[in-house]
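Since the structure comes first, as structure tokens, the remarks are kept for the end.
The values are calculated or read from the model by the stated rules, or taken from the named source; none is laboratory data. Worth saying up front: this structure is predicted, and the values here are computed from it rather than measured. Don't worry about glycine lacking a Cβ; one is built from the backbone with ideal geometry, like all the others, and counts go over all protein chains shown.
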Amino acid sequence: MLSKNELSARLGKIILLDGATGSNLQKAGMPRGCCTEEWILANPDKLISLQREYAAAGSQILYAPTFQAQPIALERVGLARQAETINAHLVALTKSVSPNVLVAGNLTTLAAYCDSFDPENFDLLVENYRVQIGGLLEGGADLLAAETLMYPQEAEAILTAAELEGAGSVLYTFTMQPDGSLFSGRDAAPVLKELEEAGAWAVGFNCVAADSMTAGLVSRLRRQIKCPLVCKPNAGTPIIGMDGIPVYPMHPDEFASIILDCAEAGAAILGGCCGTTPDHIAAVKAKFPF
């Protein structure tokens, strides 16, 4: 796994991530409500095709499809005991896409265990993340990306697990309100500052609707954060169709213009979340000399 200095030397001052995975895999035939990791293991060509498109669009970092590959999440499909192997395999799958991109082992929220602080729940989080991180390291992840976090204790558990497993660079992003507050009610900026002081490579947000307010959110966070700031929003606000499936209407050019405003406000690591496609990433790439 690369150190923070190695990442900075290799990637430059402005860094381009990938976009959405789940919504694009659903377009490729993945059923709604299935275990994404299990489906990808059975249909690896669908993931590789999507990630090759992201690499061609200009993504410098691809997120391995390990979003909910913690033992506690895999339990529902009877794969908890294979969690470490599954994480290693999915990272290796993404690393096969291109030698010119880095691969982030992806971790996410276990919010159901954070509704009220409980030391036993915290220990449970740490243990689950440790198993997952062990597999991500075995697969050869270049860094870790913890995203769509909702509670500070999730980030603390990942921080603890990463330290215990000897992981190097970690990127943390929370989903948050446009005013910069977490869904737990806390102001996000001090939480991100604490992670920065604890050694995070980068901090920021994801799964926030891209709109005219997004650059303002970046600006508010930038006042307190010195490390690289991550901006990975959705392709606008979704419209829910009659079938219950959300549709993200924002055109790639409009998305890219918002991302440009966010970069000018101080974001250094740019990408897309729900509803974004390789076309959205390519539109962002066209605006920057990556």
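Listed here are the residues, each with its yes/no results for (1) in contact with an Asp or Glu (Cβ under 9 Å, 6 or more places away or on another chain); (2) surrounded by fewer than 18 Cβ atoms within 10 Å (Cβ to Cβ); (3) part of a helix (DSSP H, G or I).
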| site | (1), (2), (3) |
| --- | --- |
| LEU25 | no, no, yes |
| CYS34 | no, yes, no |
| GLU38 | no, yes, yes |
| LYS46 | no, yes, yes |
| LEU62 | yes, no, no |
| PRO65 | yes, no, no |
| ASN100 | no, yes, no |
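How many residues, within the range 27-45, are under 22 Å from ARG76 (Cβ atoms) and free of Cβ contacts under 8 Å to residues at least 24 places away in the same chain? If you could, list the steps in order and put the result at the bottom.
We begin by selecting, within the range 27-45, every residue under 22 Å from ARG76 (Cβ atoms); these are 29-44.
Restricting the remaining residues to those that are free of Cβ contacts under 8 Å to residues at least 24 places away in the same chain gives 29-31, 33-34, 39, 42-43.
Residues that pass the stated criteria total 8.
In the set ALA56, ALA20, only one residue is touching a helix residue (DSSP H, G or I) at 6+ places or on another chain (Cβ under 9 Å), among the small types (Gly, Ala, Ser), touching a residue at least 24 places away in the same chain (Cβ under 8 Å) and in a helix (DSSP H, G or I); that residue is ALA56.
Can LYS95 be described as charged (D, E, K, R) and either touching a residue at least 24 places away in the same chain (Cβ under 8 Å) or closer than 23 Å to ARG10 by Cα (or both)?
Numbers: charged (D, E, K, R): yes; either touching a residue at least 24 places away in the same chain (Cβ under 8 Å) or closer than 23 Å to ARG10 by Cα (or both): yes.
The answer is yes for LYS95.
Among the criteria (1) part of a loop (DSSP other than H, G, I, E, B); (2) in contact with a strand residue (DSSP E or B) (Cβ under 9 Å, 6 or more places away or on another chain); (3) over 28 Å from LYS4 (Cβ atoms), the one PHE255 does not fulfil is (1).
Condition check: modelled with pLDDT of 95 or more, of a type outside the set (S, T, N, Q) and at negative phi. Does VAL77 satisfy that? Give the derivation first.
On the way: modelled with pLDDT of 95 or more: no; of a type outside the set (S, T, N, Q): yes; at negative phi: yes.
No, not satisfied.
Of all residues in the range 176-213 being in a loop (DSSP other than H, G, I, E, B) and of a type in the set (S, T, N, Q), which is surrounded by the fewest Cβ atoms within 10 Å (Cβ to Cβ)? Spell out the reasoning first.
First pass over the range 176-213, keeping only residues in a loop (DSSP other than H, G, I, E, B): 177-180, 183-186, 198-201, 210-213.
Then drop every residue that is not of a type in the set (S, T, N, Q), which leaves 177, 184, 212.
Numbers: GLN177: 13, SER184: 18, SER212: 9.
Filtering the range 176-213 for residues that are in a loop (DSSP other than H, G, I, E, B) and of a type in the set (S, T, N, Q), the one surrounded by the fewest Cβ atoms within 10 Å (Cβ to Cβ) comes out as SER212.
Assess whether GLN70 counts as being buried (at least 16 other Cβ atoms within 10 Å of the Cβ) and either among the β-branched types (Val, Ile, Thr) or over 25 Å from ALA161 (Cβ atoms) (or both). When the stated conditions are applied, GLN70 does not pass them.
This table checks each residue for (1) under 15 Å from GLY271 (Cα atoms); (2) under 19 Å from the mean Cα position of the chain (by Cα).
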residue	(1), (2)
GLN26	no, yes
CYS35	no, yes
ASN43	no, no
LEU47	no, yes
GLU53	yes, yes
SER59	yes, yes
TYR63	yes, yes
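Taken together, the criteria place GLY216 among residues that are surrounded by fewer than 19 Cβ atoms within 10 Å (Cβ to Cβ), part of a helix (DSSP H, G or I), out of contact with any Gly (no Cβ under 8 Å at 6 or more places or on another chain) and touching a residue at least 40 places away in the same chain (Cβ under 8 Å).
Quick check on ILE158: is it under 20 Å from LEU41 (Cα atoms) and either β-branched (Val, Ile, Thr) or surrounded by fewer than 20 Cβ atoms within 10 Å (Cβ to Cβ) (or both)? Break it down stepwise before answering.
Details: under 20 Å from LEU41 (Cα atoms): no; either β-branched (Val, Ile, Thr) or surrounded by fewer than 20 Cβ atoms within 10 Å (Cβ to Cβ) (or both): yes.
So ILE158 does not fit the description; no.
Residue pairs, Cβ under 8 Å, 6 or more apart or interchain, first in the range 178-204 and of a type in the set (Phe, Trp, Tyr), second surrounded by 15 or more Cβ atoms within 10 Å (Cβ to Cβ) and assigned to a helix (DSSP H, G or I). List them. From residues that are of a type in the set (Phe, Trp, Tyr), the pairs are TRP201/LYS4; TRP201/LEU7.
Residues to consider are LEU137, LEU144, LEU164, LEU159; find the one that is at pLDDT 95 or above, under 16 Å from the mean Cα position of the chain (by Cα), assigned to a helix (DSSP H, G or I) and not aromatic (Phe, Trp, Tyr). Explain how you work it out, then say what you get.
On the way: LEU137 fails: under 16 Å from the mean Cα position of the chain (by Cα); LEU144 fails: assigned to a helix (DSSP H, G or I); LEU164 fails: under 16 Å from the mean Cα position of the chain (by Cα).
After ruling out the rest, the residue left standing is LEU159.
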